[in-house]
1. Segment 29-61: which trypsin sites (Lys or Arg not before Pro) are DSSP loop and have at most 16 other beta-carbon atoms within 10 angstrom?
2. Which whole DSSP H helices in the chain pass both tests: a Cα extent of 18 Å or more along the axis and a mean Kyte-Doolittle value no lower than 0.0?
3. Could you work out the relative contact order of segment 5-102? I mean the mean sequence separation of Cα pairs under 8 Å and 6+ apart, divided by the number of residues, in percent.
4. Projected onto the charge dipole of segment 36-103 (+1 at Lys/Arg Cβ, -1 at Asp/Glu Cβ, origin at the Cα centre), which of A73, G53, C95 gives the Cα projection farthest towards the positive end?
5. Match the structure shown to one of the listed values (i) 14.9; (ii) 15.6; (iii) 24.6 of Kirkwood radius over Cα pairs in Å, computed from it, and give that label.
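Nothing in this text is a laboratory measurement; each read-out follows from the coordinates by a stated rule. The model shown is predicted, which means the values in this text are computed figures rather than measured ones. Here Cβ is always computed from backbone atoms with ideal geometry, including for glycine, and neighbour counts include all displayed protein chains.
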Amino acid sequence: MSSAPPPVARLAVAGTLALLLLELAWELVLAPLAPHGSWLALKALPLAWLAPGVLRGRRRSRQWLVLALPFYAAEALVRAIAESGRHAVVAGAACVVAIVTFVALLAWFRQESRANATK
């Protein structure tokens, strides 16, 4: 039996890390609300807290992340629609990354449940 993680697991982990870095860069460098960065960068803290568990494949961390991702996607979608220019582009990218990560996590759970059902 192979110990390599399934492709959806790698996509979920990559998406989590990408969203964490994008949220930080969004509010500190790319398109901050204030000229020298914004306190909104703190929204990356839950992702930073959950990332180690997701990297280890812990089910509980992934469950919490699945609950949190719709809020990240919703905030990014609202800002992509309401703002313009660079702000909208960064928000749109964050929305796409959040949705792709959400779908990858759901696929990972489904793959796990199928594997457990065949045992």
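1. Passing sites in segment 29-61 are R56, R58.
2. Length and hydropathy pass: 7-25, 59-82, 86-118.
3. Reported relative contact order: 32 percent.
4. Sorting the options by dipole projection puts first G53.
5. (i)
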